[in-house]
1. Which count do you get for residues in the stretch 137-152 that are open to solvent by less than 30 Å² (accessible area, probe 1.4 Å), assigned to a loop (DSSP other than H, G, I, E, B) and at pLDDT 95 or above?
2. Go through the stretch 358-399 and count every residue that is among the small types (Gly, Ala, Ser), assigned to a loop (DSSP other than H, G, I, E, B) and buried (at least 21 other Cβ atoms within 10 Å of the Cβ).
3. Output the qualifying pairs, or none if there are none: Cβ atoms under 7 angstrom, residues six or more apart or on different chains, first residue in the stretch 235-255 and surrounded by fewer than 24 Cβ atoms within 10 Å (Cβ to Cβ), second residue part of a strand (DSSP E or B) and among the acidic types (Asp, Glu).
4. Do we find a residue being in contact (Cβ under 8 Å) with a residue 60 or more places away in the chain, of a type in the set (Val, Ile, Thr) and open to solvent by less than 20 Å² (accessible area, probe 1.4 Å) anywhere in the stretch 287-306?
5. Go over the candidates GLY186, GLY227 one by one and state the one that is modelled with pLDDT under 95, closer than 28 Å to GLU417 by Cβ, out of contact with any Lys or Arg (no Cβ under 9 Å at 6 or more places or on another chain) and surrounded by 23 or more Cβ atoms within 10 Å (Cβ to Cβ).
6. So, in the stretch 115-136, exactly how many residues are open to solvent by less than 10 Å² (accessible area, probe 1.4 Å) and in a loop (DSSP other than H, G, I, E, B)?
7. Could you grab me the full set of residues in the stretch 439-463 that are assigned to a strand (DSSP E or B) and under 19 Å from the mean Cα position of the chain (by Cα)?
8. Checking ARG347 against (1) under 17 Å from the mean Cα position of the chain (by Cα); (2) open to solvent by 10 Å² or more (accessible area, probe 1.4 Å); (3) closer than 24 Å to ALA366 by Cα, which test does it fail?
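The values are calculated or read from the model by the stated rules, or taken from the named source; none is laboratory data. If you're wondering where the values come from, they're calculated on a predicted model, not measured in any experiment. Positions of Cβ are generated from backbone atoms using ideal geometry, with glycine treated the same way; all protein chains shown enter the neighbour counts. These area figures cover heavy atoms from the full protein model, side chains too; ligands, DNA and RNA do not enter into them. Shrake-Rupley method; radii C 1.70, N 1.55, O 1.52, S 1.80 Å.
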Amino acid sequence: MKTTHMTRALKIALIGGLAVTAASCAAQRQMLPFGLGGKKAPTAVATAGQRVSVLEFEQQLAPSAALSGRDFFLPGPQAANSWPLPGGTAENSVEHVIAAADFTVAWKRDIGAGSSKTRQVMAPVVADGGKVFVLDGESTVTAVDAGSGEVLWKHNVKPEGRERGEGILGFNIRMGGGSSLTGGFGGGVAVGGGKVFVASGYRTMSALDAATGAVVWTVPVDSPIHGAPTVAGSRVYVVDIDNQIIAFNTANGQQEWSYRGIAEPARIMRASSPAVVGDTVVAPFSSGEVVALRASNGQAVWNQVLSRTSRTSALSEIRDIAGRPVVSRGFVYAVSHSGVMQAMDIRSGTPKWTLPVAGVNAPLPAGDVVYVVSKSGELTLINRDSGAVYWTKDLNVGRVRKEGGVFGWWDHTVHPEWSGPILASNRLILVNSDGEAVAFDPKTGVQTAAIKLGAAAYVAPAAYNGALYVLNDKGQLVCIR
């Protein structure tokens, strides 16, 4: 086993005494300082009786006049006969799929425990071999028939004797609204070679037989695993909560190598997965680092830090890359919570362009463009080559509501949280915390349809054999056809 360490000192940032921060705590809009894109910083000076907006010192996304009215190419939809990994493929890149042509709910199935004050549903859905595999809020893996929704088998990966109340860092993890998580939340599933690989917040990595759910191997790890695994070749890769990526042998679970990034306990209550292309693994960390490593030995190839501090939001200090990095056409696309989206050359890490986008979802490169949704609920269409913006649409128009506390205290505005997008059968589809799956025109961003999912959804849909599958917060698997 080989372990590679960073040469610089480890940095630990604890935001407000919290080790984990929910995405719902971070719904405030955020933009970048420092005038990225060549604009000069404002020089206005406030005089008596004059106010200068602080927001003028933060760069904002603006549509490019040169792209106004210009069309762009999108590839036609392709059949998705397998969705074995959280991002569909090892590169986390799926441009356009045939799925949900009628955009109606075919069925819903209860598959296990939903989210509560002590647990979270956060693992992406995967599918292969006629089965859909999901992980519920109590670390139970369920295999479901993809056509009928029949439950085929279940297996709980929580070690015996491990009880709720043992926080993943040794203490309770606070979320928005004062609730807490004290169980081994996190992790996820992936399929490959007839096995279902299960990463767990209970400090285990397991492989199950995909046909029966029988345990093939289980190995302990030092720290809880926050995100779902990525399988490529003879290795399965996971990132733990200490910003360490570990490569396991798929046959026996032996740890082949590991690499530790900058320590950063503050993170979003969403989980990312590495991307793999050829002999390169691209690992995302909560420190805002994107690191390319050799798949064969874990040696670092390049490193980029997607991090900026906003003058107007302390939440920009949370640098987590909670959305999966995507490798497409020789470039890595990634976005951080602190407000940096970047396209980087896969060979050198050299940025091709940078935009002030704060997000917790994976970008979607498709054809000539890249779609991305910000944490404030803005859907932006970007030219893949130049980074210029075609348009930005506010997804929360008509969806914002007021919520009040006791006797009207602590009134606050609630914005839905969005997950996705996925391009399916000529619709751009996202799900949200209002319990909707919403379709938009991929050329204009205009909403075209919406259906109810039965509960809030925080995990982007997966496509398989003509259908979309969504796991909602109640622990229900929803099939959309």
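1. Our first condition is that a residue be open to solvent by less than 30 Å² (accessible area, probe 1.4 Å); within the stretch 137-152, this holds for 137, 139-144, 146, 149.
Of the ones still in play, those that are also assigned to a loop (DSSP other than H, G, I, E, B) are 137, 139, 146, 149.
Remaining after also requiring at pLDDT 95 or above: 146, 149.
Of the residues in that region, 2 qualify.
2. Filtering the stretch 358-399 down to residues among the small types (Gly, Ala, Ser) leaves 358-359, 362, 366-367, 374, 376-377, 386-388, 398.
Applying the additional criterion that residues be assigned to a loop (DSSP other than H, G, I, E, B) yields 358-359, 362, 367, 374, 376-377, 386-388, 398.
Within this subset, residues satisfying the condition of being buried (at least 21 other Cβ atoms within 10 Å of the Cβ) are 358-359, 362, 374, 377.
Of the residues in the stretch 358-399, 5 are among the small types (Gly, Ala, Ser), assigned to a loop (DSSP other than H, G, I, E, B) and buried (at least 21 other Cβ atoms within 10 Å of the Cβ).
3. ARG235/GLU256; ASN249/GLU256
4. no
5. Working: GLY227 fails: out of contact with any Lys or Arg (no Cβ under 9 Å at 6 or more places or on another chain).
Among GLY186, GLY227, only GLY186 is modelled with pLDDT under 95, closer than 28 Å to GLU417 by Cβ, out of contact with any Lys or Arg (no Cβ under 9 Å at 6 or more places or on another chain) and surrounded by 23 or more Cβ atoms within 10 Å (Cβ to Cβ).
6. First pass over the stretch 115-136, keeping only residues open to solvent by less than 10 Å² (accessible area, probe 1.4 Å): 121, 123, 125-127, 132-135.
Applying the additional criterion that residues be in a loop (DSSP other than H, G, I, E, B) yields 121, 123, 125.
Final tally of qualifying residues: 3.
7. Taking the stretch 439-463 as the starting set, the residues that turn out to be assigned to a strand (DSSP E or B) are 439-440, 447-452, 462-463.
Within the stretch 439-463, ALA462, ALA463 meet the criteria.
8. It fails just one condition, (1).
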